[in-house]
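Step one of this worksheet: look at the structure below.
What follows draws every value from the coordinates through simple rules; no lab data is involved. None of these values were measured; they are calculated from a predicted model. No Cβ is skipped: glycine too gets one built from the backbone with ideal geometry, and neighbour counts run over all protein chains shown.
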Amino acid sequence: MASRTLTGTGATPRSGLGTVVWYDPGITLPDADESVDVDAERDRFADAVETARAELESERDATAERVGEEEAAIFDAHIQFLEDPTIADAVETSIEEGRPATRAVDDAFGSHIEQFEGMEGRMAERADDLRDVRDRLLRLLTGGERVNLADLPEGSVVLAERLTPSDTAQLDPDTVAGFATVTGGRTSHAAIFARSLALPAVVGLGEGLNDIADGAEVIVDGDAGELLVDPDDAEREAARADEGAAVVEEVVETADGRGMEVAANVGRPEELEPAAGRGADGVGLYRTEFLFLDRQSPPEEDEQYEAVKDALDTFPDGRVVVRTLDVGGDKQIPYLDLPEEENPFLGERGIRRSLDPDSELFHTQLRALLRAAADGAGELNVMFPLVATVEELEASIEAVEDAAADLNDRGVDYERPSLGVMVETPSAVFMADEFAERVDFLSIGTNDLTQYVMAADRESEHVGHLHDPTHPGVVRAIARTVEQAHENDAWVGMCGEMAGNPDVTELLIGLGLDELSMSAVTVPDVKVAVEATEYSSARERAEDALRVATRSELHETIQ
Amino acid sequence: MSRERTVEIVPEAGLHARPAALFVETVTDHEADVEAGPPDGDLVPAQSMIAVTSLGVGQGDELRLVADGPDAESVLDELERILTTPEDELEA
């Protein structure tokens with residue numbers, strides 16, 4: 001056991017082992033009653049603003065180059081905060097009243113930071129932006145040396161109260177083993193940056209983090225959301241094994257030549273480029289819900305078309321599997337007026353809503369998809385979520401035909417994409433042959449399938465242990481689905497979390513899956529696992545795994 | 001003379017980050033005083049990033065713009081373009 005474990009929020013599902021380097025911008029403000037030369041302080045402030053602007057511009061360009069345009073945009077926002085006339089006026093007044101420029105800057109930003117801190121979500125993150133700009137100015141005014149995050153010794157784990165966007169942008173994932181912060185949540189800038197760079201990170205660890213000294217050995221476990229201090233040998237070994245494989249760009253095959261497509265699950269457009277950068281062959285699950293969130297009315301056809309076309313253009317030689325709108329269950333969208341149900345996971349969700357009452361939305365989405373299929377570079381595949389009956393599937397296919405007819409009447413270019421069913425319900429497992437006869441592919445969503453096969457909610461503290469796809473009941477359901485798909489000439493993929501676990505890659509290859517789709521972070525690990533596997537022996541192991549009766553026997557079989 | 005217009009916000013992020021930065025920069029580059037706010041609420045100075053951001057304007061919301069000065073018409077045209085262009089098509 002480690003001597004100490006702190007718990008926070010994991011930002012990246014990855015572990016890193018290293019030596020603590022505390023990052024402290026170290027700004028000490030001079031005493032308030034120090035007498036000042038008003039003109040000199042005014043000049044100092046003007047110089048600091050000018051230098052800060054130059055720094056921000058160069059960091060913006062460097063970030064655009066290293067991370068992406070999307071992430072670089074934050075620096076444009078910082079430039080505007082820096083030059084905000086409200087701040088300039090407040091600082092000017094304060095200096096005239098005899099305060100030093102440092103105090104004036106601290107005061108001018110302070111009230112606005114508080115104002116944003118009191119707000120929710122996205123607005124609260126603006127407080128981070130303002131702090132970042134303020135600290136930059138104070139550092140320049142106090143002549144403080146900037147801690148060089150870009151030049152840390154290899155194997156450093158950076159600990160900080162918080163990391164600003166400009167801090168994280170400097171971290172080099174090849175030398176830094178990870179970072180951990182006192183504050184921050186999953187959607188903070190630092191966490192998002194960490195995910196784009198596949199850098200192990202845990203945020204929001206709380207004040208306890210301050211007790212960890214420089215030079216301590218720690219493991220940042222982004223999977224569990226923990227920081228382990230002074231880990232023992234076994235923990236070190238486990239963390240080293242998890243440091244991750246190098247990116248493999250090519251499509252991989254097993255040692256004896258059976259191909260396996262390794263794709264990424266994507267939930268937002270800004271995840272597309274990083275997924276390609278991690279070596280994903282395509283997208284195995286593109287969740288379209290993001291297009292419908294954080295707004296007051298559904299997106300128009302053109303907006304949806306553009307989003308899907310972008311995804312297809314990011315993977316010109318690959319396949320992109322788009323799931324049609326999947327709301328209900330725990331996914332709420334205010335303007336869709338979802339019913340309050342006793343048990344939403346067994347209620348109106350997925351394709352059930354798309355056929356009625358959201359049929360209009362469904363048709364708009366299908367038209368957008370058919371147009372994108374014609375214009376995008378990659379190969380579009382469309383799948384329907386939570387299908388339980390052949391009637392639902394046939395109605396969905398008919399809706400695709402209706403969309404094609406509409407576009408034909410409009411004289412717009414379109415193409416029919418390959419169609420598939422997401423296998424999440426026990427009924428879909430038993431009906432897999434009927435489904436596969438009617439579509440081109442099946443994709444097994446193991447998170448929901450496990451929940452429904454085991455009748456266990458993974459969030460439940462009492463039965464959460466039943467929510468494990470390596471229970472023989474779930475493995476047999478997967479095997480049956482694959483077999484029925486292949487007998488009916490459909491390919492079959494998997495897009496649940498199980499697909500991204502390299503410990504079960506051999507089992508999944510042995511069961512006959514044609515595609516595995518996962519969080520982009522684990523794509524390189526799974527590609528390496530595929531290349532290390534012999535299909536012939538994987539096949540035998542899978543057959544053994546289908547004969548065992550308990551989860552522990554299954555684990556023994558696949559070890 | 002004073003001109004005014006109400007625009008529905010298209011960028012996914014609303015008036016935050018890149019669109020907000022471009023919005024404020026555009027106001028600063030024109031010879032006009034511009035104020036912005038909800039259609040039926042108080043207006044704030046549009047050359048202040050802090051003020052503009054604290055409006056909390058999201059995608060699909062309406063924003064009222066009032067401009068006064070020699071560039072009033074052209075600044076409103078430019079701001080409308082920024083507010084009605086999806087973020088990934090925005091040119092700085």
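Which of the GluC sites (Glu not before Pro) across the range A:91-163 are loop residues per DSSP, with 16 or fewer other Cβ within 10 Å? Mind dumping the intermediate values first?
Values: sites: A:Glu92, A:Glu96, A:Glu97, A:Glu114, A:Glu117, A:Glu120, A:Glu125, A:Glu145, A:Glu154, A:Glu161; in loops: A:Glu97, A:Glu120, A:Glu145, A:Glu154, A:Glu161.
Those that pass, being in a loop and sparsely packed, are A:Glu97, A:Glu120, A:Glu145, A:Glu154, A:Glu161.
Can you put A:Met431, A:Met383 in order of Cβ neighbours within 10 angstrom, beginning with the fewest? Could the numbers behind the result be given before it?
Values: A:Met431 20, A:Met383 30.
Fewest to most other Cβ atoms nearby, the residues stand as A:Met431, A:Met383.
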Can you list residues whose amide H is under 5 Å from B:Ala46's amide H, if they're 5+ apart or on another chain and H is modeled 1.01 Å from N?
-> B:Val34, B:Glu35, B:Ala36
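Of the listed peptides A:81-87, B:49-55, A:252-258, what is their order by residue-averaged count of other C-beta atoms within 10 Å, with the highest listed first?
Details: A:81-87: 21.3, B:49-55: 23.7, A:252-258: 14.9.
The packing order, highest mean first, is B:49-55, A:81-87, A:252-258.
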Between the range A:78-125 and the range A:348-420, what is the C-alpha centre distance in whole Å?
-> 50 Å
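Run lengths n ≥ 4 of DSSP H only: what is the helix-derived mean residue ellipticity at 222 nm for chain A, with -39500 (n - 2.57) per run over all residues, to the nearest 500?
Details: 21 runs with 251 residues, N = 559.
Only helices count here, giving -14000 deg cm²/dmol.
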According to the Cα gyration tensor, what semi-axes, each the square root of 5 times an eigenvalue, does the equivalent ellipsoid of the range A:256-558 have, listed from largest to smallest in whole Å?
-> 31, 22, 18
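Quick one: grab the alpha carbon gyration tensor of the protein assembly as shown, order the square roots of its eigenvalues as a ≥ b ≥ c, and give me rounded if a/c is under 1.5, else prolate or oblate depending on whether a/b is larger than b/c.
Details: a/c = 2.38, a/b = 1.40, b/c = 1.70.
Oblate, since a/c reaches 1.5 and b/c is not below a/b.
Could you put A:Thr181, A:Thr470, A:Thr314 in order, starting from the residue whose Cβ has the fewest other Cβ atoms within 10 Å?
On the way: A:Thr181 27, A:Thr470 18, A:Thr314 22.
Ascending Cβ contact count within 10 Å gives the list A:Thr470, A:Thr314, A:Thr181.
Based on the alpha-carbon gyration tensor of the range A:34-136 and its eigenvalue square roots a ≥ b ≥ c, which shape applies: rounded if a/c is under 1.5, prolate if not and a/b is larger than b/c, or oblate?
On the way: a/c = 3.16, a/b = 1.49, b/c = 2.12.
Oblate.
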Starting with the fewest neighbours, write out A:Met123, A:Met422 ranked by other beta-carbon atoms found within 10 Å of each beta-carbon.
-> A:Met123, A:Met422
Using a Gaussian network for chain B with springs between C-alpha atoms less than 10 Å apart, which of these wobbles most: B:Pro11, B:Pro19, B:Pro39?
-> B:Pro39
Amide H of A:Ser15: which non-local residues (sequence gap of 5 or more, or other chain) have their own amide H closer than 5 Å, using H built in the peptide plane?
-> A:Gly222
Residues of the range A:358-376 with amide nitrogen under 18 Å from the 7 Å Cα-to-Cβ point of A:Asn408?
-> A:363-364, A:366-374
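If a/c stays under 1.5 just call it rounded; otherwise compare a/b with b/c (prolate if a/b is bigger, oblate if not). Do that for the range B:2-85, with a ≥ b ≥ c from the square roots of the Cα gyration tensor eigenvalues. Show your work: numbers first, answer last.
Numbers: a/c = 1.45, a/b = 1.34, b/c = 1.08.
Taking the square roots of the gyration eigenvalues as a ≥ b ≥ c, the range B:2-85 is rounded.
I want the antiparallel fraction of DSSP beta bridges within the protein assembly as shown, as a percent rounded to 5. All intermediate terms of the calculation are to be shown ahead of the outcome.
Working: 33 of 74 bridges.
In the protein assembly as shown, DSSP labels about 45 percent of beta bridges as antiparallel.
Could you list the GluC sites (Glu not before Pro) in the range A:390-490 that lie in coil according to DSSP, counting only those with at most 11 other Cβ atoms within 10 Å of their Cβ? Could you put the intermediate results ahead of the total?
Values: sites: A:Glu391, A:Glu392, A:Glu394, A:Glu398, A:Glu401, A:Glu415, A:Glu424, A:Glu434, A:Glu437, A:Glu459, A:Glu461, A:Glu483, A:Glu487; in loops: A:Glu415, A:Glu424, A:Glu459, A:Glu461.
Those satisfying the criteria are A:Glu459, A:Glu461.
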Could you work out how far helix A:38-66 tilts from the main Cα principal axis of chain A, as a 0 to 90 degree angle to the nearest 10?
-> 20 degrees
Which cross-chain or sequence-distant (5 or more) residues have an amide H under 5 Å from the amide H of A:Leu419, H modelled 1.01 Å from N in plane?
-> A:Val382, A:Asp440, A:Phe441
For the range A:544-559, Karplus-derived ³J(HN,Hα) couplings (6.51, -1.76, 1.60; θ = phi - 60°; whole Hz; x for glycine and proline) come out as 4, 4, 7, 9, 7, 9, 10, 5, 5, 5, 5, 4, 4, 5, 8, 5
In degrees, nearest 10, the alpha-carbon axis of helix A:101-117 is tilted away from the dominant principal axis of the alpha carbons of chain A by 30 degrees
Provide the descending list of Cα extents for the range A:364-483 along its principal axes, expressed in whole angstroms.
-> 56, 28, 24
